[in-house]
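One structure is given below, encoded as structure tokens.
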Amino acid sequence: MLIAGPTAPAQAVTYGTPTIALSASYLSGAVGATGDPVVNVTVGQSGADASALTVSASASSKASVAGTGDVTVTGVGAVRQLAVTARGRGYTNLTVKVAGLGGKSATKTLYYAASAAVQNPADARYLTGSADASAAVDVGGGYAVVADDESNVLRLYDRSRSGAPVKTWDFSSQLGVSKEVDIEGATRIGNTVYWTGSLGNNKDGEYKAPRNTVFTTTVSGSGPGTQLAYGRSYKKLRDDLVAWDQAGGNKYGFAEGTADGEAPKQIDGFNVEGLEFAPGSTTTAYLGFRAPLAPAVPGGKALLVPVTNFDQVLASGAKAVFGTGVELDLGGLAVRDIRKNAAGQYLILAGSWAADDNSDPYALYQWDGVAGHAPVKRADLPTTDPGGWEAIVEVPDLTAAGARVQLVTDSGSADLYGDGTEAKDQTHPEWKKARAAWFTLNP
């Protein structure tokens, strides 16, 4: 007969200190926003299954911006998703806590900023990492590459979501520049994207050579798999424009607008903000001017200048050749962007030539791209929201009922969070943001 011996006592489990990491320490949201970005919270604890750990968050400073009840944590396992619903404009700190087994815990601080509510928030998305969006090009699959006029970084964003760029490219070294090109316009032909600097002086009226730059990139792939490769550049387009205008009797005052001490954003200044090819052409491109108006008096017309060998300017460095200037009645406004679709339908984003123009009118005009044909207003744009409308991502079928177009703001000078700090001066990239918004065009 066997007699069982005593059962060995179970050994106590020793749990380590929990670990917690945030995918971003700084997060920006907006009051009333749809689809604000989230933060991934990665947790763990030695001796414990991650699914047994509890993640929570509490307000540790200004609950009027976002309180404990405004934070939602979803998911199980080692990675959870934390979302914040903004209650009010401003800044607050949130304490994110992981409660482990054995009574042990760990915390991290999430620094949160919320901007004010905007019109039609369901149609708004926020592109973080940069506030000075200036041009955008659709690359398929619901994604767009967006330029910044305060740096030479090109950023790939998911057009349907708020958040940080998926990829970034900086071609400064290939361009041979250390300062910003002041990218203001872009267009795509096939797999080639053409980008142009403003070509004008800086805001203090000083000539800065990098701004006199146009360049190309080659696109491969699409959607989140998009890749960009540097192509070629040309750095004398401003000089060519001035010489052409002088040969024509200084009709548009380009020499005066580019003179030392002349600020670019005045009615008789010199500042390019739009770029698009002429109807049916892969050689002639329109340069759209924010300034000057033509003639440079209140109520003047917007100006496009055709570059008839634009492809060769970039391909071989050929001196630019120009056609007759195209003058368009945009109700006293200037060109802030111009874009066409595959059917040859153009949209012109019209806005003020002035430097501080967030409260001035903006409008969208439809055009057929033919000189002498008048553009037709399709929509007035809101001007009470922070930032100025700056870029058209792509042009829909303008004959379709309920056609919708996505625009992007330059919010660099906007006080997003109510503390007097301009968005471009925020010290944390996650708090810098431009806004993309969808608009339904009038039937």
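The values are calculated or read from the model by the stated rules, or taken from the named source; none is laboratory data. Small disclaimer: the values here were computed from a predicted structure and weren't measured. Glycine also receives a Cβ, built like all others from the backbone with ideal geometry; neighbour counts cover every protein chain displayed. Just the protein is used for accessible areas: all its heavy atoms, side chains included, with ligands, DNA and RNA removed. Shrake-Rupley method; radii C 1.70, N 1.55, O 1.52, S 1.80 Å.
The DSSP beta bridges internal to region 252-312 are antiparallel in roughly 100% of cases. The residues of the chain expose, per residue, 41 Å² of accessible area to a 1.4 Å probe.
Of the solvent-accessible surface of the chain, computed with a 1.4 Å probe over protein heavy atoms with every protein chain present, carbon and sulfur atoms account for 51 percent. Recomputing Cα extents along the principal axes in Å from the coordinates shown identifies the correct label among (i) 117, 46, 43; (ii) 76, 53, 44; (iii) 81, 45, 39 as (i). Candidate cross-link partners of LYS108 among the aspartates and glutamates, defined by an alpha-carbon separation under 18 Å and a same-chain spacing of 8 or more, comprise ASP70, GLU430. In summary, the aspartates and glutamates within cross-link reach of LYS167, defined as a Cα separation below 12 angstrom excluding same-chain residues under 8 places away, comprise ASP158.
What angle, in degrees between 0 and 90 and rounded to the nearest 10, separates the Cα long axis of helix 237-247 from the longest principal axis of the Cα atoms of the chain? With rounding to tens, the tilt is 20 degrees.
Taking amide hydrogens as placed 1.01 Å from N in the peptide plane, the amide H of THR226 sits under 5 Å from that of no residue at least 5 positions away in sequence or on another chain. The distance separating the Cα centre of region 344-404 from that of region 285-316 comes to 17 Å. Taking the Cα of THR282, stepping 7 Å toward and past its beta carbon, and measuring to each backbone N in region 308-347: which are under 19 Å? Within reach of a label on THR282: 308-318, 340-345.
Estimated from helices alone, the mean residue ellipticity of the chain at 222 nm is -1500 deg cm²/dmol (sum of -39500 (n - 2.57) over DSSP H runs with n ≥ 4, per residue).
Taking packing as the residue-averaged number of other Cβ atoms within 10 angstrom, the listed peptides 284-290, 16-22 run from highest to lowest as 284-290, 16-22. Is the shape of region 16-55 rounded, prolate or oblate, going by the alpha carbon gyration tensor and its root eigenvalues a ≥ b ≥ c, with a/c under 1.5 for rounded and a/b larger than b/c for prolate? Since a/c reaches 1.5 and a/b is larger than b/c, the shape of region 16-55 is classed as prolate.
Could you work out the local net charge near ASP158, counting Lys and Arg as +1, Asp and Glu as -1, over the other residues with Cβ closer than 15 Å to its Cβ? That sum, taken over residues with Cβ under 15 Å, equals +4.
Tally Lys/Arg at +1 and Asp/Glu at -1 over every other residue whose Cβ is under 14 Å from the Cβ of VAL71; what's the total? Neighbourhood net charge equals +3. With the cut-off at 1.5 for a/c, could you classify region 273-346 from its C-alpha gyration tensor as rounded, prolate or oblate? Oblate. Here the label points at ASP368 and THR85, each 7 Å from Cα along the C-beta direction, are separated by 5.1 nm in the simple model. For the chain, the relative contact order works out to 13 percent when only alpha carbon pairs closer than 8 Å and six or more residues apart are counted. Each of the peptides 309-317, 241-249 was scored by the mean count of other Cβ atoms within 10 Å over its residues; in descending order, highest first, they stand as 309-317, 241-249.
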